[in-house]
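Some notes on the structure that comes next.
The values are calculated or read from the model by the stated rules, or taken from the named source; none is laboratory data. All figures in this text were calculated on a predicted structure; none of them were measured in a lab. All Cβ positions, glycine included, derive from the backbone under ideal geometry; neighbour counts span all protein chains shown. Surface accessibility is based on the protein's heavy atoms, side chains included, excluding ligands, DNA and RNA. Shrake-Rupley method; radii C 1.70, N 1.55, O 1.52, S 1.80 Å.
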Amino acid sequence: MTKTVNHWIGGRTAEGTSGQYGPVTDPATGAVTTRVALASAEEVDAAVAAAKAAYATWGTSSLAQRTAVLFRYRALLDAHRDDIAALITAEHGKVHADALGEVARGLEIVELACGITTQLKGELSTQVSQRVDVSSIRQSLGVVAGITPFNFPAMVPMWMFPLAIACGNTFVLKPSEKDPSAANLLAELASEAGLPDGVLNVVHGDKVAVDGLLNHPDVAAVSFVGSTPIARHIHATASANGKRVQALGGAKNHMLVLPDADLDAAADAAVSAAYGSAGERCMAISAVVAVGAIGDELVAKIRERAEKITIGPGNDPASEMGPLITAAHRDKVASYVTGAAAQGAEVVLDGTGHTVEGFEDGHWIGLSLLDKVSTDSDAYRDEIFGPVLCVLRVDSYEDGVALMNASPFGNGTAIFTRDGGAARRFQLEIQAGMVGVNVPIPVPVGYHSFGGWKDSLFGDHHIYGNDGVHFYTRGKVVTTRWPDPADAPAGVDLGFPRNH
């Protein structure tokens, strides 16, 4: 019998009532293993109502109460790393080691939330005028929502709700319907840690659920991670409804390789960053820009390494790369490779015909490497979100930076060089939100913030770190005057308030 994933509302499982369900497949076999309840507008309303009711007490709870829960939660997550990773592998397809890495990066933000007491400290200026003090404080927003993608079903939710609830908000999570089980386990463990009912809710669904959150008058803010077209829609709709929005979109991340670079290290980095998690990462390197005469040698080194990657089921310890999330996505990724030669690229590796013995119905695709790609080709312009690496050739550093800055995306980027001056110039000149110097995937640690520029981010705040705390709180300034008991009544002054 197929397993059913239901909602988590008000601290308990809530069976779906809409009558609508979505299929969840095992990407390694292609078999439907689970069905997920798709929420109606009424079920979204119920989740928001539970969060609103919980906010009445959670929003005024002490920092000590909140952090005590978060410390217990962190311990439970640590104890259940393998369980969470196994759910990710079963529904997303990524190899177990990669899934464990995802959980670890999510835990970083839980740890940041455990230290929220220092992040929420305000400011005080005394004696700005005679017996006048001014203080600045940050307060929670109320009910906030998160809409998260399929590629990191545990990490991206953990980039959102731990900080949000640490700041005193309550949360409604709408995870991807393609791999929903990890989100429910995260919520169940939070409840086990002592999180009050209704503080964290999970509703599964499709556009109906998303629109319900975007239009709900009791939702104060929305966090989103996904594709650029959807991020733009989320930002426009939620902003028009008066909500605070951080919407992280797609990417086409470039890696600039200068002639003085360690080409072995650059090739290792390119293979890891392009093909890890089957390329289903918004921080994947999908375009290598080779400067000068090193292009042929670099491509040869990348090919040599890519041909050795073992592809197989994510729960097989021998596998280094798993399948793609769905058959439809696999076919779309393959179309960029099969059409590349007609658009001028040299197909160095074609992974479109790859299968795995014993798992022929899985969503398999091999590693593809395209050389001498033009900037007007589909493989370069679009976010492929699969194991396809494009190599572009330029004559100089200046040409490489100009090419990269012309991209509408600006999520992450990297430079490989031994020249400190070139690296320093690059980090100042490149138009992207996250920069790596000899680091191919520069995802910031938890106490810095993650986010891109241009079409990779809609809204003013990056996610987690200081930006995350500011997003989930709002500032208030209090000006106070206490008269000295010895003073006589001052009378009425109709003039403009003076500071001196």
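Figures for the structure shown
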item	result
Karplus-derived HN-Hα couplings along the stretch 44-53 (A = 6.51, B = -1.76, C = 1.60, θ = phi - 60°), whole Hz, x at Gly and Pro	4, 4, 5, 5, 5, 5, 4, 5, 5, 5
Amide hydrogen neighbours beyond the local backbone of Asn253, cut-off 5 Å, H modeled	Ser286, Ala287
Debye, to nearest 20: dipole size of the chain, +1 on Lys, Arg Cβ, -1 on Asp, Glu Cβ	1580
Farthest positive-ward along the chain dipole, Cα basis, beta-carbon charges - from Asn151, Val203, Ile309	Val203
Label-to-label distance, nm, for residues given as Asp206 and Leu494 (7 Å Cα→Cβ offset)	6.6
Heavy atoms of Asp376 accessible to a 1.4 Å probe, total area in Å² rounded to 10	110
Against the rule of thumb 2.2 N^0.38 Å, how large the Cα Rg of the stretch 157-254 comes out	1.10
For Gly412, net neighbour charge (Lys/Arg +1, Asp/Glu -1) across residues whose Cβ lies under 11 Å away	+2
Relative contact order of the stretch 351-446, defined on C-alpha pairs under 8 angstrom at six or more residues apart (%)	19
Cross-link partners of Lys52 among lysines (Cα-Cα below 17 Å; sequence separation of 8 or more within a chain)	Lys174, Lys243
For the chain: accessible area per residue (Å², 1.4 Å)	41
Simple spin-label estimate for Ser396 and Thr338 in nanometres, 7 Å along Cα-Cβ	4.2
Heavy atoms of Met434: accessible area, 1.4 Å probe, square angstrom to 10	10
Set of the stretch 290-318 residues, backbone N closer than 15 Å to the point 7 Å along the Cα-Cβ line of Asp82	315-317
Overall dimensions of the stretch 207-249 as given by Cα atoms, namely Rg and Dmax in Å	9.2, 26
Whole-number D in µm²/s for the chain (Stokes-Einstein; Kirkwood sum over Cα pairs; 37 °C, 0.692 mPa s)	136
Where Rh is the Kirkwood radius over Cα pairs, Rg/Rh for the stretch 311-361	1.03
q = 0.12, 0.13, 0.23 Å⁻¹: log10 I(q)/I(0) that the Debye formula gives for the stretch 31-88, counting C-alpha atoms only	-0.57, -0.66, -0.94
Distant-in-sequence amide H partners of Tyr21 (H built 1.01 Å from N, under 5 Å)	Leu38
Viscosity 0.890 mPa s, temperature 25 °C, Stokes-Einstein D of the stretch 297-431 from Kirkwood C-alpha radius, µm²/s	148
Local net charge near Arg305, Cβ-Cβ under 12 Å (Lys/Arg +1, Asp/Glu -1)	-2
Residue among Gly400, Val348, Thr375 farthest towards the positive dipole end of the stretch 341-406, charges placed on Cβ	Gly400
Summed residue charge, Cβ within 12 Å of Ala164's Cβ, Lys/Arg positive, Asp/Glu negative	+2
Convex hull (Cα only) mean projected area of the stretch 205-292, reported in nm² to one decimal	7.5
Of Lys178/Lys207; Lys207/Lys454; Lys252/Lys372; Lys94/Lys308; Lys94/Lys207, those spanning more than 20 Å from alpha-carbon to alpha-carbon	Lys207/Lys454; Lys94/Lys207
Relative contact order for the stretch 165-277, counting Cα pairs under 8 Å that sit 6 or more residues apart, in percent	19
Length-normalised contact order of the chain in % [C-alpha pairs under 8 Å, at least 6 apart]	18
